[in-house]
Amino acid sequence: MDFLRIGLIGCGKMMGAHVRGVQMVKNAQITCVCDINRENAQRVSQELPNHPKVYTDYKEIVDEVDAVMIALPHDLHYECGMFFALRDKHIMMEKPLCNTEEECLSLIETCEARDLTLMCAYPVPFWTGIEKLKALVDSGEYGKIMQMSVWTEQLTVCDINERPWAASARIGGGQLFSHGCHYIDLMLRFLGNPVEGAHVGTRVGTPWLLKEGTSAVILRFESGAIGYHGATWGARGTRLGYDFQIQCEKGMLEYEHMDGEVRVYNENGTHQPGYIEGNKNRRYSIVWKREEEMGKMTQHEIAHFTDCVLNHKKPMTDGRSALRSLRVIWELYNAEKNHKLADLRGI
């Protein structure tokens, strides 16, 4: 197989990011697009240079694809994924993988038994800025991690109006489950095995959601490091946007996604080449700057998925790693409900 025939299922807003990304990936060919709303599918087809066939029933595309990219409402992930797994098609599933642990395990085990690639669409680990940040940590130059903070600010009320299912129980949780899963997954990749943690959330400022629209998580890891994730879907203004900070023994490392910079802050006066002085308390070096257009940058994860299928490799964001991050979130939710710390040992 020289290229991968891919079908796109679910032509809403999220698929728009994948449409832009897939056009940058060699060895990937979109053969068909599908949405229950034909106009949505036709719009996506017109955005692609080969204008692939349009369908309103995903069951009709089986013979035209080797793999599918699924971006349906969360509660439909399992049903659609299992349909294609049982027909030996590789699957790239939008996050979260499924709404329950039972559904996740069933889909994972079916794909494993049939030797199929199952990948969760977590783009963040594949962003070049995050890869650069991980390389700095792994170099050991800055010592052990003391604390990692991930902060995200956005306003989703307009999105919710366009996607009313996302304000219902179909979403499977609140902001933490639907969006925070990206960053719980990322902290596990940087910090290792979690020991305990806590979550608090609120609907204040996001009344269109059934569950929390603003969320705060703190985790403690086996290494002794602490992870923090703060996020809101109700931001009427932003300063950090999407910001990733890692406090190490010998300096602070940061990826500022909005500016597209990886920075090293070093308080003792030693700096990497290219040192830029802000003020006496904010001295840092820019060690990498993004040149590509900012956005969800899904081309990197799609290229990874394509390579894994064509070369029989295990995806970095495979089904079991996706389930691990969801298990952390479910334990945090349960502990919050019972007003106690979550025991995350063995997750």
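The values are calculated or read from the model by the stated rules, or taken from the named source; none is laboratory data. All of these numbers come straight from a predicted model, not from anything done at the bench. Cβ atoms come from the backbone with ideal geometry, glycine included; neighbour counts cover every protein chain shown.
What the table below lists for this structure:
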quantity: Cβ-Cβ under 8 Å pairs, at least 6 apart or on other chains, the stretch 301-329 side closer than 11 Å to Cys104 by Cα and not assigned by TED's automatic domain parsing to the domain that holds Gly227, far side hydroxyl-bearing (Ser, Thr, Tyr) and crowded, with 24+ Cβ neighbours inside 10 Å; calculated: Ala322/Tyr122
quantity: Some residue of the stretch 165-172 being of a type in the set (Ser, Thr, Tyr), at pLDDT below 95 and assigned by TED's automatic domain parsing to the domain that holds His257; calculated: yes
quantity: Within the stretch 136-183, considering residues that are aromatic (Phe, Trp, Tyr) and in contact with a Pro (Cβ under 8 Å, 6 or more places away or on another chain), the one farthest from Leu97 (Cα to Cα); calculated: Trp165
quantity: Positions within the stretch 1-24 being within 16 Å of Met92 (Cα to Cα), of a type in the set (A, V, I, L, M) and either modelled with pLDDT under 95 or surrounded by fewer than 19 Cβ atoms within 10 Å (Cβ to Cβ) (or both), in sequence order; calculated: Met14, Met15, Ala17, Val19, Val22
quantity: Of all residues in the stretch 126-136 being surrounded by fewer than 17 Cβ atoms within 10 Å (Cβ to Cβ) and not charged (D, E, K, R), the one that is nearest to Val25 (Cα to Cα); calculated: Thr128
quantity: Residue count, the stretch 158-206 (criterion: charged (D, E, K, R), touching an Asp or Glu at 6+ places or on another chain (Cβ under 9 Å) and closer than 19 Å to Arg236 by Cα); calculated: 1
quantity: Test: residue in the stretch 137-156 that is more than 21 Å from the chain's Cα centre (by Cα) and either over 28 Å from Phe221 (Cα atoms) or surrounded by 22 or more Cβ atoms within 10 Å (Cβ to Cβ) (or both); calculated: no
quantity: Per-region count, the stretch 45-83, residues of a type outside the set (D, E, K, R) and either over 22 Å from the mean Cα position of the chain (by Cα) or not assigned by TED's automatic domain parsing to the domain that holds Val22 (or both); calculated: 15
quantity: Members of the stretch 284-310 that are surrounded by fewer than 18 Cβ atoms within 10 Å (Cβ to Cβ) and at pLDDT below 85; calculated: Glu292, Glu293, Met294, Gly295, Lys296
